[in-house]
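Structure, as structure tokens:
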Amino acid sequence: MFFVQIYEKWLKETQKEKIKQILEKIKPNGRILDIGSGFGALEYFVNAIALDVNENYLRKTKAEYKVKASGDALPFKSGSFDFVFCIDTAHLLKNHKEIKRVMKQGGKLIISVFCYKQNFKERANWLRKIVKDMELKTVNEFLVKTEKEWDFVIVAGKF
């Protein structure tokens, strides 16, 4: 419960700012899935299906469609999504290949990990390994920075 309070008060605006910066570089369309949506920062900007294990977060999201489920066992047919967002959630997942399964051929994954100057290289390499293990092709990499934290972002495609 303590984490939830910190997340909402300290990180809510930070998450929205990071999403805004990501969306300045990525223009998603079609069916969009937000794995680990939290309170729905992505859904402030685009129409996406919000997926989270926390029912309280899902109640707060503006998403039209909300799914209570784990990113390790996605309750969707294979090839269901044009874009899959996994922002600051990859470290919580054990089965990253589920993400690839639900992506359409030609679909894109936007995946990030929070980091700081001190651990940037280590965290970036960790995320690159996850994308490589999913057998996705990296299209772009970039860093978004807010006053409170950074995110290393990879855009990867299923080709």
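Read the figures in this text as sums done on the coordinates, not as results from a lab. From a predicted model like this one, the values you see are computed outputs, not experimental measurements. Backbone-built Cβ (ideal geometry, glycine too); neighbour counts: all protein chains shown.
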**Inverse of mean 1/r across different Cα pairs in segment 9-159, Kirkwood, Å** = 15.2
**Fill in**
Residues whose built amide H sits under 5 Å from the amide H of TRP150, excluding neighbours closer than 5 in sequence, are CYS115
**Complete:** Mean separation of Cα contacts under 8 Å (at least 6 apart) over the residue count of segment 77-148, i.e. the relative contact order in percent, is 31
**Message:** I'd like the antiparallel share, as a percent to the nearest 5, of DSSP beta bridges with both residues in the chain.
**Reply:** 55
**Request:** Would you mind working out the magnitude of the charge dipole of segment 1-113 relative to its Cα centre, with +1 at each Lys and Arg C-beta and -1 at each Asp and Glu C-beta, to the nearest 20 Debye?
**Result:** 260
**Request:** Using +1 at the Cβ of each Lys and Arg and -1 at the Cβ of each Asp and Glu in the chain, identify which of PHE76, ALA156, ILE110 lies farthest towards the dipole's positive end.
**Result:** ALA156
**Average projection area in nm² (convex hull over Cα atoms of segment 22-67, one quarter of hull surface)** = 2.9
**Asked** Could you give me the ³J(HN,Hα) list for segment 78-92, computed from phi with Karplus coefficients 6.51, -1.76, 1.60 and θ = phi - 60°, whole Hz, x at Gly and Pro?
**Response** 4, x, 8, 10, 7, 9, 10, 9, 9, 9, 6, 10, 4, 5, 8
